[in-house]
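Peer 1: Please find one structure pasted underneath; my questions will follow.
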Amino acid sequence: MGPVRLAMGGPADGEILVGPDRADHGPGAGGDAWKIDAAALNGETRVLDVRVDGKILVVTGATQGVGRAVAVEAARSGAAAVMLTGRDKARGAEAAQEIRDLGVDSAFIAAELEDPRAPSRIVSSALDAFGRIDLLVNAAALSDRGAVAGAPMELFDRLFAVNTRAPMYLMQGVIGHLRQRNAPGAVVNVLSVNAHGGTPDLAVYAASKAATALLTKNAAFSHRFDRIRVNGIYLGWTDTPGERDMQSRKLGKGDGWLAEAEARRPWGRLVRPVDVAKLVIFLLSDISIPMTGSLVDQEQDLVLGVRD
């Protein structure tokens, strides 16, 4: 993620300038250093490095979107190795090569999280490849639509299998491994702002994320004295390949949906995968110690938990 520079003694008294050193904020961007210049005490400059040096991560949903952005940002932030998992073997191989091109060891395991055996396979594969796991990011999810009044049972079971059961048993596997090593660690669960309630057609999806939010809090409380931190992100509307397919094709909104949606957002755009990746790396890093059990809204519109 790069250093956060707090430069005390800025360009004008009382002025605070916040901005990236680079203009490129796409999923491939990295190493962004955010500089905060403030006219304050003694002309002092402090550098806070938000990094995961030497850590080994498991990232689900890592072939595209948020998961892939997290994996790339972790590699740029000093990770020793990243185990990627997802459904698409070709994209998985491409993502693993992207990580290796950054000088970081990486491997990929294809897994369908609907399969109850997938979590144990993923954890075992990471341990076989790298010998240990320090950090876990549950970024994979299904967001198929289903309302209380009409959702079929098959959809309910599928969403809860991927969005709740798989993260739960991945946490179980990684936490058990960390406790066996008597080692600290961190977990970040990528949730959804819809867990506050959700629109009618997102009832099942929202419920699955709300259940995982509860597991996040419970795991954080249960393992705080193991020094295993567990935090979650209530993620708002994000521009990912999966969401583009959902909106344009599955929901039939065509190619113009993104421009229309972004025009209605306060910042003129949706959340981007790299935005999420930066927050994830912060929550994984030692900079955020002792923060645990936190559920952070990464959203610009549903600030009060409701839409206009």
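The values are calculated or read from the model by the stated rules, or taken from the named source; none is laboratory data. As the structure is a prediction and not an experimental result, all values here were calculated from the model. Cβ sites come from the backbone with ideal geometry, for glycine too, and all protein chains shown count toward neighbours.
Peer 1: Could you say which residue among Ile133, Ile109, Ile122 is crowded, with 18+ Cβ neighbours inside 10 Å, in contact with a His (Cβ under 6 Å, 6 or more places away or on another chain) and modelled with pLDDT of 95 or more?
Peer 2: So the residue among Ile133, Ile109, Ile122 that is crowded, with 18+ Cβ neighbours inside 10 Å, in contact with a His (Cβ under 6 Å, 6 or more places away or on another chain) and modelled with pLDDT of 95 or more is Ile133.
Peer 1: A follow-up question, please. Which ones in segment 39-62 are modelled with pLDDT of 95 or more and either among the acidic types (Asp, Glu) or crowded, with 20+ Cβ neighbours inside 10 Å (or both)?
Peer 2: Arg51, Val52, Asp53, Lys55, Ile56, Leu57, Val58, Val59, Thr60, Gly61, Ala62
Peer 1: List the number of the failed condition for Lys209; all other conditions in (1) within 24 Å of Met1 (Cβ to Cβ); (2) touching a residue at least 60 places away in the same chain (Cβ under 8 Å) hold.
Peer 2: Every listed condition holds for Lys209 apart from (1).
Peer 1: Has segment 190-197 got any residue that is at pLDDT 95 or above, surrounded by fewer than 24 Cβ atoms within 10 Å (Cβ to Cβ) and not hydrophobic (A, V, I, L, M, F, W, C)?
Peer 2: Scanning segment 190-197, I find no residue that is at pLDDT 95 or above, surrounded by fewer than 24 Cβ atoms within 10 Å (Cβ to Cβ) and not hydrophobic (A, V, I, L, M, F, W, C), so the answer is no.
Residue by residue, here is whether (1) of a type in the set (Ser, Thr, Tyr); (2) at pLDDT 80 or above; (3) not assigned by TED's automatic domain parsing to the domain that holds Gln180 holds:
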position: Phe225; (1), (2), (3): no, yes, no
position: Gly232; (1), (2), (3): no, yes, no
position: Arg244; (1), (2), (3): no, no, yes
position: Leu251; (1), (2), (3): no, yes, yes
position: Gly256; (1), (2), (3): no, yes, yes
position: Ala259; (1), (2), (3): no, yes, yes
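Okay, residues lined up against (1) in a loop (DSSP other than H, G, I, E, B); (2) of a type outside the set (S, T, N, Q); (3) on the phi > 0 side of the Ramachandran plot:
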{"site": "Glu114", "(1), (2), (3)": "yes, yes, no"}
{"site": "Ser120", "(1), (2), (3)": "no, no, no"}
{"site": "Ser124", "(1), (2), (3)": "no, no, no"}
{"site": "Leu127", "(1), (2), (3)": "no, yes, no"}
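Let's see how each residue does on (1) β-branched (Val, Ile, Thr); (2) outside any helix (DSSP H, G or I); (3) surrounded by fewer than 23 Cβ atoms within 10 Å (Cβ to Cβ); (4) outside the structural domain of Asp226 (by TED's automatic domain parsing):
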site	(1), (2), (3), (4)
Glu154	no, no, yes, no
Arg158	no, no, yes, no
Ala161	no, no, yes, no
Ala166	no, no, no, no
Gly176	no, no, yes, no
Ala183	no, yes, yes, no
Val188	yes, yes, no, no
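Peer 1: Any residue in segment 272-295 that's assigned to a loop (DSSP other than H, G, I, E, B): show its pairings with residues that are small (Gly, Ala, Ser) and modelled with pLDDT under 95 at Cβ separation under 9 Å, as long as the two are six or more apart or on different chains.
Peer 2: Listed pairs, sorted by first residue: Arg272/Gly26.
Peer 1: Within segment 66-94, which residues are part of a helix (DSSP H, G or I) and surrounded by 24 or more Cβ atoms within 10 Å (Cβ to Cβ)? Working first, answer last.
Peer 2: Taking segment 66-94 and keeping what is part of a helix (DSSP H, G or I), we get 66-76, 89-94.
Of everything in segment 66-94, those that are part of a helix (DSSP H, G or I) and surrounded by 24 or more Cβ atoms within 10 Å (Cβ to Cβ) turn out to be Val66, Gly67, Arg68, Ala69, Val70, Ala71, Val72, Glu73, Ala74, Ala75.
Peer 1: Now for a separate question. I need the full set of residues from segment 231-260 which are aliphatic (A, V, I, L, M) and over 23 Å from Val296 (Cα atoms), in order please.
Peer 2: Initial filter on segment 231-260 (aliphatic (A, V, I, L, M)): 233, 235, 246, 251, 258-259.
Across segment 231-260, the qualifying residues are Met246, Leu251, Leu258, Ala259.
Peer 1: Assess whether Ser120 counts as being hydroxyl-bearing (Ser, Thr, Tyr) and touching a Phe, Trp or Tyr at 6+ places or on another chain (Cβ under 8 Å).
Peer 2: Details: hydroxyl-bearing (Ser, Thr, Tyr): yes; touching a Phe, Trp or Tyr at 6+ places or on another chain (Cβ under 8 Å): yes.
Criteria met by Ser120.
Peer 1: Follow-up. Which members of segment 87-96 meet the condition of being over 19 Å from Leu284 (Cβ atoms) and in contact with a strand residue (DSSP E or B) (Cβ under 8 Å, 6 or more places away or on another chain)? So that I can check it myself, show each step before the final result.
Peer 2: First, pick out the residues of segment 87-96 that are over 19 Å from Leu284 (Cβ atoms): 87-94, 96.
Those that are over 19 Å from Leu284 (Cβ atoms) and in contact with a strand residue (DSSP E or B) (Cβ under 8 Å, 6 or more places away or on another chain): Arg87, Asp88, Lys89, Gly92, Ala93, Ala96.
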